[in-house]
Amino acid sequence: MSNNVDIPVLIAGAGPAGLVLALTLAQNGVNVRIIDKEPFYRPGQRGAGIQPRTLEIFNYLGILDDVRAKGIKSPYQRRVYKLPGGVEILKTTIMLEQDDPTPSTPIPNTLHLGQENSEAILRAHLAKYGYSVELGTELRDFEQQPDHVIAHLLKKDGDQEKTETVICRYIIGTDGGKGVTRKQLGLTFQGETRATHVLSGEVEVFGLETDYWHQWGDLSTMFCMMRPTENPNCFYVALGGQIDYQKLESDEEEFLKAVRKAIDRTDLQFGKLRWITSWRPNIRMVNKFREGRGFVAGDAAHVHSPTGGQGLNSSVQDSFNLAWKLAFVEKGWASSDLLDTYTEERLPVIRAMLYESTTLLNALEAKDVGADDKAWRRGSVLKMLGINYRWSSIVVDERSPDKPKEAVNVYGGEKGGDLRAGDRALDAPALSPVSGDQTPTSFFHIFRPVYHTVLLFTADTSAAAPILEALKRYPSGSLKIVVVYPRNTAGNANPVAGADLAVVDTEGHAYAAYGASPERTLAVVVRPDGVVGAVVYGLEGLKAYFGAVFSAI
Ligand SMILES: Cc1cc2nc3c(=O)[nH]c(=O)nc-3n(C[C@H](O)[C@H](O)[C@H](O)COP(=O)(O)OP(=O)(O)OC[C@H]3O[C@@H](n4cnc5c(N)ncnc54)[C@H](O)[C@@H]3O)c2cc1C
């Protein structure tokens, strides 16, 4: 591979998609540059609803504690107030489905944290690897060559402007819905733009309960929604319906006056308005995520209605899917064909996401009372835990060999069915190490974006020996091999040569979650993005999986 590049990966756009990509690549030891055309970091709540699937990714990236410390438990009920008056509660409805944690799904509910704060956390973690966002640095255009990309940047510092040419091996456009990368790559962006228009802002409100979403009116007249944020006394406010959007967007006093009019109540005190922004639902997606050495992720690849809170989440999940594949190719472990599976896996998921968010938008626009309840009820599917890649060409499943030929049911695996290759990897607590530090651990403490985890469920380490021997051929550090003994085997459970860890499944959660049995050795491979890559019974299945992903060694 040619080393005549300035940087292996250039990331254009430092929103959530760009930052997650940069952090995951940095953790994988791949050098990046991450640029953003803005001279400062954008304030605002925007993608504040962080879904459980994304929280799991944040766990793998090591940022979950910070996100939890700063974020708030999402209010899950909505209060609708009677107008005129705006104080009497017309109804209280469940808005977000609440689930109890289980051993396999310890993070079952959405958390709220404004995008400005989650981005700040991502930047702080990126800084630990020596990287920072280059602000005021715009990607203007680029040319692709067979083994590199030549990118042209414009750097602004006050009145000063400077151009720079960067030679990189890969360019990733995480430059949002209006970014240049998608256009430069010649990708299509088909869909529709709706007439619905909503202004949103964040304002100090005193006297309003912080356990609810609060709603007054609907889009046919005047609509106002308020949701508490992590910033003390601050509420996210959405305002729509028959209002003068242009005037209100540019005049804070008028915006607050309109909010007061929409809610028609005098008992609330308003303080500082932090920001106002406007949005119209734009529902579009690319035809593919890659062209040669160029890729798109996040809003650069798909834009949609914020109903259902899937945008930031999908953006993070795009980047997490792409990062490990890019790291494999960059390290010379995989051929660039692996990068085609990024489109293969993500495109159907994004198509389904557009369907889910547009269904909610349609209900919101329907303007009748029944539809209104549907519009604001976010079902469990929006937690994104069921998103799977069962149809992916690289996943291998010997237990359920009827792999779907095409993407079906991508947003939700069959409830109650066996876990399959392509599904989200499950947690299991109370795993007791057989040697060294005996503190019980869990799979979610073990899975990380820098290696594949091979879970060998076995009571018989002699059956595992040839597998462990064969896995030695893969690069050092690329696999974490964990032998999982069934419960009640503590007396016979010994460390295993060739494995990184051996644990006893003391409460049986691991065997239950993965459908393993003490009678037959089962190997489950968890990819660096927390997806089950393989469910196999032995060496042949493992060779089939690893042969495809380590295709260059
Ligand atoms: C009102 C509203 C509410 C929302 N609520 C939710 C929610 O609850 N949950 C959810 O998941 N999502 C929500 N979203 C969507 C979410 O904000 C976006 O999906 C998310 O920001 C996408 O992240 P991204 O990194 O792909 O793009 P962005 O956040 O748009 O970041 C793109 C970055 O690229 C930079 N850039 C652009 N062009 C260039 C260039 N040429 N060179 C260098 N840099 C460039 C931009 O300055 C920007 O910083 C909401 C959005 C809105 C508007």
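Each residue in the range 172-214 was checked for being in contact with a strand residue (DSSP E or B) (Cβ under 7 Å, 6 or more places away or on another chain), within 28 Å of Tyr236 (Cα to Cα) and of a type in the set (A, V, I, L, M, F, W, C), and 7 pass.
Within the range 71-97, count every residue that is surrounded by 14 or more Cβ atoms within 10 Å (Cβ to Cβ) and either among the acidic types (Asp, Glu) or without any contact (Cβ under 8 Å) to a residue 24 or more places away in the chain (or both). Residues in the range 71-97 being surrounded by 14 or more Cβ atoms within 10 Å (Cβ to Cβ) and either among the acidic types (Asp, Glu) or without any contact (Cβ under 8 Å) to a residue 24 or more places away in the chain (or both): 1 in total.
Looking at the structure I just gave you, is Gly309 modelled with pLDDT of 95 or more, within 13 Å of the ligand (Cβ to nearest atom) and on the phi > 0 side of the Ramachandran plot? Explain how you work it out, then say what you get.
Numbers: modelled with pLDDT of 95 or more: no; within 13 Å of the ligand (Cβ to nearest atom): yes; on the phi > 0 side of the Ramachandran plot: yes.
No: the conditions fail for Gly309.
Within the range 400-415, is there a residue that is buried (at least 19 other Cβ atoms within 10 Å of the Cβ), out of contact with any Lys or Arg (no Cβ under 6 Å at 6 or more places or on another chain) and not in a loop (DSSP other than H, G, I, E, B)? Checked against the condition, which is being buried (at least 19 other Cβ atoms within 10 Å of the Cβ), out of contact with any Lys or Arg (no Cβ under 6 Å at 6 or more places or on another chain) and not in a loop (DSSP other than H, G, I, E, B), the range 400-415 yields no hits at all.
Take Asn117 and tell me if it is assigned to a loop (DSSP other than H, G, I, E, B) and within 21 Å of Tyr236 (Cα to Cα). Please lay out each step first, then the result.
Details: assigned to a loop (DSSP other than H, G, I, E, B): no; within 21 Å of Tyr236 (Cα to Cα): yes.
Criteria not met by Asn117.
Residues in the range 18-39 that are small (Gly, Ala, Ser) and within 6 Å of the ligand (Cβ to nearest atom): Gly18 only.
Of the residues making up the range 25-52, those that are more than 27 Å from Ser380 (Cβ to Cβ) and at pLDDT 95 or above number 17. Does Arg68 satisfy being surrounded by fewer than 24 Cβ atoms within 10 Å (Cβ to Cβ) and within 15 Å of the ligand (Cβ to nearest atom)? No; evaluated as a whole, the condition is false for this residue. Annotation note: of Ala323, Ala327, the sole residue that is away from the ligand (no atom under 16 Å from the Cβ), outside any strand (DSSP E or B) and crowded, with 17+ Cβ neighbours inside 10 Å is Ala327.
Residue-by-condition table, conditions (1) without any contact (Cβ under 8 Å) to a residue 24 or more places away in the chain; (2) touching an Asp or Glu at 6+ places or on another chain (Cβ under 9 Å); (3) near the ligand (Cβ under 10 Å from one of its atoms):
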position: Asn287; (1), (2), (3): no, no, no
position: Ala297; (1), (2), (3): no, yes, yes
position: Asp318; (1), (2), (3): no, no, yes
position: Ser335; (1), (2), (3): no, no, no
position: Thr343; (1), (2), (3): no, no, no
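Being away from the ligand (no atom under 13 Å from the Cβ) and of a type outside the set (Val, Ile, Thr) is the filter; apply it to the range 266-285 and report the residue that is nearest to Arg169 (Cα to Cα). Here the answer is Arg274.
Only one of the numbered conditions (1) within 11 Å of the ligand (Cβ to nearest atom); (2) within 24 Å of the chain's Cα centre (by Cα) is violated by Thr188, and that is (1). Residues being surrounded by fewer than 24 Cβ atoms within 10 Å (Cβ to Cβ), more than 21 Å from the chain's Cα centre (by Cα) and within 12 Å of the ligand (Cβ to nearest atom) are represented in the range 40-52 by at least one member.
The values are calculated or read from the model by the stated rules, or taken from the named source; none is laboratory data. No experiment lies behind these values; they were computed from the predicted model shown. In this analysis, Cβ positions are derived from the backbone assuming ideal geometry, glycine residues included, and neighbour counts consider all displayed protein chains.
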